Amino acid sequence: MKVTEVKEHSTEELEALLHDNRRKLFDLRAQAVTEKIEDSTAARKIRKDIARIMTVLRTRNVAHVETQIRQRAKAKK
């Protein structure tokens, strides 16, 4: 999943995707212990998707907090 695709999703959808990807990674790691994995790069791809999703969520959170700080500063003036 590319960053542009990730940015198109809402925050709730991203949180659900994050949960799903973490679950997939857990299952993949369990599968690696018990049997041979067909796609050896799957874990790496999932980890990168998780990182992209977390980055977009963090960016949105920081932007939201900055907006609140600016509004409070304007209200105090």
Q) Which lysines, on any chain, are close to residue 24 with Cα under 26 Å apart, when same-chain ones fewer than 8 places away are left out? A) 2, 7, 36, 45, 48
Q.
What does the extension gain come out to for residue 1 and residue 62, with contour length at 0.36 nm per residue minus their alpha carbon separation?
A. 19.7 nm
Q.
Using the basic label-point model (7 angstrom from Cα toward the beta carbon), what is the residue 8 to residue 55 distance in nanometres?
A. 1.8 nm
Q. For volume of the Cα convex hull per residue in Å³, the listed values are (i) 115; (ii) 88; (iii) 238; which was obtained by calculation from the structure presented?
A. (ii)
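None of the figures in this text is laboratory data; all of them are computed from the coordinates on show. These numbers were taken from a predicted model, which means no experiment stands behind them. Every residue, glycine as well, gets a Cβ built from its backbone with ideal geometry; the counts of neighbours run over all protein chains shown.
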